[in-house]
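Down below is the structure, laid out as structure tokens.
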Amino acid sequence: MHNSEAWLKSKPQSELAKRNFLDFIRYTKPDYQFNWHHLLLIDYLQKFIDGDIKRLLVFMPPQHGKSELVSRRLPAYLLGKDPKTKIVLASYSSTLASSFNRDCQRIIDTPEYHNVFPETLLNSSNIVTVSKNYLRNSEIFETVGHGGFLKTVGVGGSLTGTPADIAIIDDPVKDSIEATSSTYQVRNWNWYNDVLFTRTHNNSQILLTQTRWDENDLSGLLIKAMQEGKGEKWTILSLPAIKETATNEGDPREVGEALWADRHSLSKLLTVKSQSIRTFAALFQQDPKPTETGGEFYKQFKIHKHTGNCVYDSNLAIHLTFDFNVNPYMAASIWQISNKNTYCIGEITAKSPNNTTMGVCKEFIRMYQGHEAGLFIYGDPSGMKQDTRSEKGFNDYRIILTDLAKFKPHMRVAKSAPSVVGRANFINTVLEKEIFGIKIEINTKCVNLIADMAYTKEASDGTKLKEKGKSLESGATYEKWGHFTDGFDYMMCALYPTEYIQYQQGGISPRINTGKTAFRNSF
């Protein structure tokens, strides 16, 4: 009676587990600790299982639970749904790939799995095989009587004679040495195209999950091929350790929040970031940056010196500076000044369809709706021109003055942009020596401004090098770096006009008032 009751109780659960991947995980691993990002990943994997997604890229930080779902539970579930499925699973080493193989076997051997998928069996001492022995080792195991299998291999290994209905690649890169090596990049690219891809057919599906390392890692090259119209179309799920923009689809976090705070706190992540901005951008934000090779525009910017915990002070005026480029987003940074301590408290990245001046203003109002201490506006002088993006008779700055009228904004926009070389020399000297008593600090959550400061390059004529990228969503070409720093440059020259002029000739700066009543002053 007891066994019958247990069977009846487990039956509804096992039926649900057969129907969808989430319930399968709950039934076969009841101690799994779900965070919201696991549920989002499972939703994408369910669409992959159902065949709605044929090519899937999944980017997540280290130790955030992707391999348990993608490389252990998913192959077992696929073989349960259809024991004829032929699966190839690859990782950066055959040893790691084999460990996934063994873990998958252990899942299939459990009583819970057998309750869900009784037809999927592996060769063992308690299974009778009639016509032949079925393979079962750390490299390959076959489903008894069906011909399906899971074969695991290290990236670079042979797959001769192995057809693939499903191909899964979990972390094709071992470490930063391999990731940044052109030799390994070419090797992995050739292996993908010449070995793995040749084992697929028209209905095959491919899933690649990894922690990003470099712009030219395997995922990066696949994305570039797609952007250039030379590769396949991929669905991409990218989950940064700290949320940077408000436009990430399916991401419920506020900007600045950690992905899995219970396991990887914001303070821990910021410590990693302070140690290496490039490592953090790649491994944790899934946004690899080019290697710093010299020739940086802001040569004196140091992350350990110029970033910190800068917080909003309601008694100080806000200094809001714009860059009006719309791709990949419209950028604005938010500053306050106290005794020439010039610190950035926030940034706005307005992506399509909100990449408009009105879109930025709307977000600013949301962020600082109770602010009463005054507002100064800075930015690109070209915003003074009437623009086809705006209504007739309007320009960007008139829109700003209208939309932000409640803050009583004051304009500080030059008639023409200051010399790029001149402002570079001025700002770099401020960063290095804090001349005229000016100090600069950026909130560590302003990841886009910090990246601009670190990675904007200098062209041969001393201006900013215009490195180009291409939008996955729209296909539009855009400048990779410099959107936030252009606005920063304009603000610095307009905020400290006397100091800027004196720097060209030598001299000292006057005393200024930047407190709550600063907006009444001429400065």
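The values are calculated or read from the model by the stated rules, or taken from the named source; none is laboratory data. Only a predicted model underlies this, so the values are computations on that prediction, with no experimental measurement involved. Glycine gets a Cβ as well: all are built from the backbone with ideal geometry, and neighbour counts include every protein chain shown.
Only a single item in (1) closer than 21 Å to Phe100 by Cβ; (2) buried (at least 18 other Cβ atoms within 10 Å of the Cβ); (3) touching a strand residue (DSSP E or B) at 6+ places or on another chain (Cβ under 9 Å) is not met by Lys243, and it is number (1).
Might you let me know whether the range 179-191 holds any residue that is assigned to a strand (DSSP E or B) and modelled with pLDDT under 95? Within the range 179-191, none of the residues are assigned to a strand (DSSP E or B) and modelled with pLDDT under 95. Here Gln286 passes the criteria (1) more than 22 Å from Phe48 (Cβ to Cβ); (2) not in a helix (DSSP H, G or I) except the one numbered (1).
Take the range 44-71 and flag every residue that is in contact with a Phe, Trp or Tyr (Cβ under 8 Å, 6 or more places away or on another chain), at pLDDT 95 or above, buried (at least 22 other Cβ atoms within 10 Å of the Cβ) and in a helix (DSSP H, G or I). Answer for the range 44-71, where residues must be in contact with a Phe, Trp or Tyr (Cβ under 8 Å, 6 or more places away or on another chain), at pLDDT 95 or above, buried (at least 22 other Cβ atoms within 10 Å of the Cβ) and in a helix (DSSP H, G or I): just Leu45.
Is there a residue in the range 15-26 that is buried (at least 17 other Cβ atoms within 10 Å of the Cβ), polar (S, T, N, Q), assigned by TED's automatic domain parsing to the domain that holds Val195 and within 29 Å of Asn203 (Cα to Cα)? Checking the range 15-26: not a single residue is buried (at least 17 other Cβ atoms within 10 Å of the Cβ), polar (S, T, N, Q), assigned by TED's automatic domain parsing to the domain that holds Val195 and within 29 Å of Asn203 (Cα to Cα). Out of Arg263, Arg253, Arg212, one residue alone is in a loop (DSSP other than H, G, I, E, B), at pLDDT 90 or above, farther than 15 Å from Gln63 by Cα and of a type in the set (Lys, Arg). It is Arg253.
Please indicate, with yes or no, whether at least one residue in the range 333-344 is touching a residue at least 60 places away in the same chain (Cβ under 8 Å) and within 27 Å of Glu249 (Cα to Cα). Yes, the range 333-344 contains at least one residue that is touching a residue at least 60 places away in the same chain (Cβ under 8 Å) and within 27 Å of Glu249 (Cα to Cα). Taking the criterion of being in contact with a helix residue (DSSP H, G or I) (Cβ under 7 Å, 6 or more places away or on another chain), in a strand (DSSP E or B), within 22 Å of Ser471 (Cα to Cα) and assigned by TED's automatic domain parsing to the domain that holds Glu467, would at least one residue in the range 311-325 satisfy it? Yes. Out of the residues in the range 307-331 meeting the condition of being closer than 25 Å to Arg278 by Cβ and crowded, with 19+ Cβ neighbours inside 10 Å, tell me which one is modelled with the lowest pLDDT. The selected residue is Thr307. Filtering the range 447-484 to residues that are of a type in the set (Asp, Glu) and under 11 Å from Phe297 (Cα atoms) leaves Asp452, Glu458. Inside the range 330-384, residues that are touching a Gly at 6+ places or on another chain (Cβ under 9 Å), assigned to a strand (DSSP E or B), closer than 16 Å to His483 by Cα and of a type in the set (Ser, Thr, Tyr) make up a count of 2.
If you go through the range 429-475 and keep only what is among the polar types (S, T, N, Q) and either free of Cβ contacts under 8 Å to residues at least 24 places away in the same chain or assigned to a helix (DSSP H, G or I) (or both), you end up with Thr429, Asn448, Ser460.
Pull out all pairs, ordered by first then second residue, where Cβ-Cβ is under 9 Å, the residues are six or more apart or on different chains, the first lies in the range 368-392 and is within 13 Å of Leu404 (Cβ to Cβ) and outside the structural domain of Leu404 (by TED's automatic domain parsing), and the second is at pLDDT below 95 and crowded, with 21+ Cβ neighbours inside 10 Å. Matching pairs, first to second residue: none at all. Among the residues in the range 402-422, are any assigned to a helix (DSSP H, G or I), in the same structural domain as Met330 (by TED's automatic domain parsing), charged (D, E, K, R) and under 22 Å from Gly359 (Cβ atoms)? Yes, that holds for at least one residue.
Restricting attention to the range 13-41 and to residues that are in contact with a helix residue (DSSP H, G or I) (Cβ under 8 Å, 6 or more places away or on another chain) and among the charged types (D, E, K, R), the residue that is nearest to Asp82 (Cα to Cα) turns out to be Lys18.
In the range 388-397, of all residues being in contact with a strand residue (DSSP E or B) (Cβ under 9 Å, 6 or more places away or on another chain) and more than 18 Å from Ala414 (Cβ to Cβ), the one that is modelled with the highest pLDDT corresponds to Phe394.
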